[in-house]
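Here's the structure we're looking at; comments come further down.
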Amino acid sequence: MHYTEGPCLVLAGAGSGKTRVITHKIAHMIERGMEPKAIAAITFTNKAAAEMRERAKGLIGRQAKDVLVCTFHALGVRLVREDGKLLGLKPQFSILGSDDVTSILKDAAGGTTDAATARQWQWTISLWKNLGLNGAQALAQAKDDHERSIAVLMQRYEERLTAYQSVDFDDLIGLPLKLLRDFPEVREKWQRQLGHVLVDEYQDTNATQYELLKLLVGTRGHFTAVGDDDQSIYGWRGATLDNLKKLPLDYPALQVVKLEQNYRSTSAILRAANNVIGPNPKLFPKTLFSELGEGEPGARGRCRQRGTRGRACRGAHPEPARRGQPTAGLEELCHPVPRQPPGQALREGAAAGQHSVQGVGRYQLFRPRRNPRPVCLVPAVDQPG
């Protein structure tokens with residue numbers, strides 16, 4: 001927590017207090033004389049940023065308001081508002097919502113496309129942007145006629161955004177990256193302003209966010225990345241563990257700190273968790289432990305039909321139920337095991353109208369009809385059960 005002279009990676013296992021690490025490091029740097037406005041703490045959700053800000057306020061008081069605590073996208077808005085004129089954007093540019101993006105894509109395609117198809121285009125374009133590709137680059141890398149047609153559409157979409165003085169959500173990462181990469185004066189300004197950058201949930205960063213971080217901190221590498229490769233769950237939206245692999249290569253002086261003590265769970269629960277994640281490939285091996293005692297052994301049950309997870313959980317743990325204690329937290333550990341391979345089950349649901357299916361490379365994307373946001377990617381070819 002006290003190391004501030006260079007790059008630092010904190011591998012924070014589940015329940016080990018990673019948010020506490022960030023807020024206490026902020027307090028430590030201010031105590032050592034760093035200006036609060038020279039510190040940036042970046043996370044992924046507004047809720048997490050608000051929680052981090054409140055915790056920092058509890059440690060350092062009113063100085064916390066001068067620390068830049070925000071999401072990657074909020075930082076991108078700030079950067080583009082200040083320097084976007086170099087890209088031809090006015091400070092009052094518009095940020096488009098999902099429905100606006102869909103409408104522009106439909107217009108770029110001639111106006112006759114249904115909304116579902118336009119959203120599939122939107123998802124593919126978003127994936128390309130998260131990989132750092134523009135329309136021309138996507139076209140050059142397109143694997144078939146379908147991808148080529150979407151890449152051409154992406155170029156028309158980009159032209160319309162420029163004409164409308166607008167950006168979409170993905171541009172709030174891509175445009176700051178372009179500014180920092182292509183304009184040395186912008187890069188030097190922001191590197192002077194930010195004396196230390198802390199990144200929460202680092203395992204969820206994508207390729208463009210990693211490049212953005214590198215350009216913000218420069219060769220000094222004054223940053224602290226806090227994350228856990230065992231908790232990476234957002235690969236479907238572009239997050240990549242390659243960013244963890246690259247850190248020791250790009251920053252040979254990287255200091256690695258492991259937080260392996262869990263403050264929430266008993267030893268029995270952690271032993272079960274370690275057994276579950278043990279076979280996973282490890283970038284930085286670690287083993288969680290607890291000093292809260294052995295605790296009750298875990299229980300395993302099978303639910304034969306929907307709606308029985310809660311009853312199975314209460315049956316496996318009758319004491320809390322009898323004492324009137326909530327068992328909702330216990331239910332989170334219960335997950336249904338489908339009888340069919342996941343791809344088959346999901347595709348049957350698509351045929352029944354429960355969700356839509358879209359191909360993305362070797363994977364297929366599934367969206368509930370009631371929720372336009374993507375839910376999961378599964379291999380396009382079913383694996384044997």
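The values are calculated or read from the model by the stated rules, or taken from the named source; none is laboratory data. The model shown is predicted, which means the values in this text are computed figures rather than measured ones. For neighbour counting, all protein chains shown are included, and Cβ atoms are generated from backbone atoms with ideal geometry for every residue, glycine included.
Can we say SER232 is within 22 Å of the chain's Cα centre (by Cα), of a type in the set (S, T, N, Q) and at pLDDT 75 or above?
yes
Among the residues of segment 241-261, is there at least one that is within 13 Å of the chain's Cα centre (by Cα) and closer than 19 Å to GLY132 by Cβ?
Yes.
Tell me the residue from LEU79, LEU68 that is within 25 Å of the chain's Cα centre (by Cα) and within 14 Å of VAL199 (Cβ to Cβ), please.
After ruling out the rest, the residue left standing is LEU68.
Can you confirm whether GLN120 is in contact with a strand residue (DSSP E or B) (Cβ under 6 Å, 6 or more places away or on another chain) and over 21 Å from LEU212 (Cα atoms)?
Yes.
Hey, can you tell me all the residues within segment 111-135 that are in contact with a helix residue (DSSP H, G or I) (Cβ under 7 Å, 6 or more places away or on another chain), part of a helix (DSSP H, G or I), surrounded by 15 or more Cβ atoms within 10 Å (Cβ to Cβ) and not polar (S, T, N, Q)?
ALA118, ARG119, TRP121, ILE125, TRP128, LYS129, GLY135
Given the options ARG32, ARG62, name the one that is charged (D, E, K, R), in contact with a Ser or Thr (Cβ under 8 Å, 6 or more places away or on another chain) and at pLDDT below 95.
Exactly one of ARG32, ARG62 is charged (D, E, K, R), in contact with a Ser or Thr (Cβ under 8 Å, 6 or more places away or on another chain) and at pLDDT below 95, namely ARG32.
Please indicate, with yes or no, whether at least one residue in segment 200-207 is in a helix (DSSP H, G or I), farther than 30 Å from GLY33 by Cβ and in contact with a strand residue (DSSP E or B) (Cβ under 7 Å, 6 or more places away or on another chain).
Scanning segment 200-207, I find at least one residue that is in a helix (DSSP H, G or I), farther than 30 Å from GLY33 by Cβ and in contact with a strand residue (DSSP E or B) (Cβ under 7 Å, 6 or more places away or on another chain), so the answer is yes.
Look through segment 66-107, keep the residues that are at negative phi and in a loop (DSSP other than H, G, I, E, B), and return whichever of them is surrounded by the fewest Cβ atoms within 10 Å (Cβ to Cβ).
GLN92
Go through segment 124-158 and give me each residue that's touching a Gly at 6+ places or on another chain (Cβ under 6 Å) and of a type outside the set (A, V, I, L, M, F, W, C).
Those that are touching a Gly at 6+ places or on another chain (Cβ under 6 Å) and of a type outside the set (A, V, I, L, M, F, W, C): LYS129, ASN130, GLN155, GLU158.
Show the residue pairs that are 6+ apart or on different chains and have beta-carbon atoms under 6 Å apart, the first residue being within segment 206-227 and over 22 Å from LEU283 (Cα atoms), the second being polar (S, T, N, Q).
GLY218/GLN191
Consider ARG148 against the criteria (1) closer than 30 Å to ASP99 by Cα; (2) of a type in the set (Lys, Arg); (3) touching a residue at least 24 places away in the same chain (Cβ under 8 Å): it satisfies all of them except one. Which criterion is unmet?
(3)
Can you find even one residue in segment 56-63 that is assigned to a helix (DSSP H, G or I) and on the phi > 0 side of the Ramachandran plot?
Among the residues of segment 56-63, at least one is assigned to a helix (DSSP H, G or I) and on the phi > 0 side of the Ramachandran plot, which makes the answer yes.
Taking segment 1-53 only, how many residues are surrounded by 19 or more Cβ atoms within 10 Å (Cβ to Cβ) and either among the polar types (S, T, N, Q) or assigned to a strand (DSSP E or B) (or both)?
Total satisfying the criteria: 12.
Does VAL152 qualify as being of a type outside the set (Ser, Thr, Tyr), out of contact with any Asp or Glu (no Cβ under 8 Å at 6 or more places or on another chain) and either within 18 Å of THR71 (Cα to Cα) or not in a helix (DSSP H, G or I) (or both)?
So VAL152 fails the test.
Having 1 or more residues that are at pLDDT 80 or above is the bar; report the helices (runs of 4 or more DSSP H) wholly within segment 267-328 that clear it.
Here the list reads 267-277.
Please go through segment 136-149 and give me each residue that is surrounded by 14 or more Cβ atoms within 10 Å (Cβ to Cβ) and not in a loop (DSSP other than H, G, I, E, B), ordered by number.
Residues satisfying the conditions are GLN137, ALA138, LEU139, GLU147, ARG148, SER149.
Can you pull out the residues in segment 247-276 that are loosely packed, with under 15 Cβ neighbours inside 10 Å, in contact (Cβ under 8 Å) with a residue 24 or more places away in the chain and closer than 30 Å to GLU211 by Cα?
Matches in segment 247-276: ASP250, ALA253, GLN255, VAL256, VAL257, GLU260.
Residue by residue, here is whether (1) in contact with a Lys or Arg (Cβ under 9 Å, 6 or more places away or on another chain); (2) surrounded by fewer than 20 Cβ atoms within 10 Å (Cβ to Cβ); (3) more than 30 Å from ASP250 (Cα to Cα); (4) small (Gly, Ala, Ser) holds:
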residue: ALA109; (1), (2), (3), (4): yes, yes, yes, yes
residue: ARG156; (1), (2), (3), (4): no, yes, yes, no
residue: GLN203; (1), (2), (3), (4): no, no, no, no
residue: VAL217; (1), (2), (3), (4): no, no, no, no
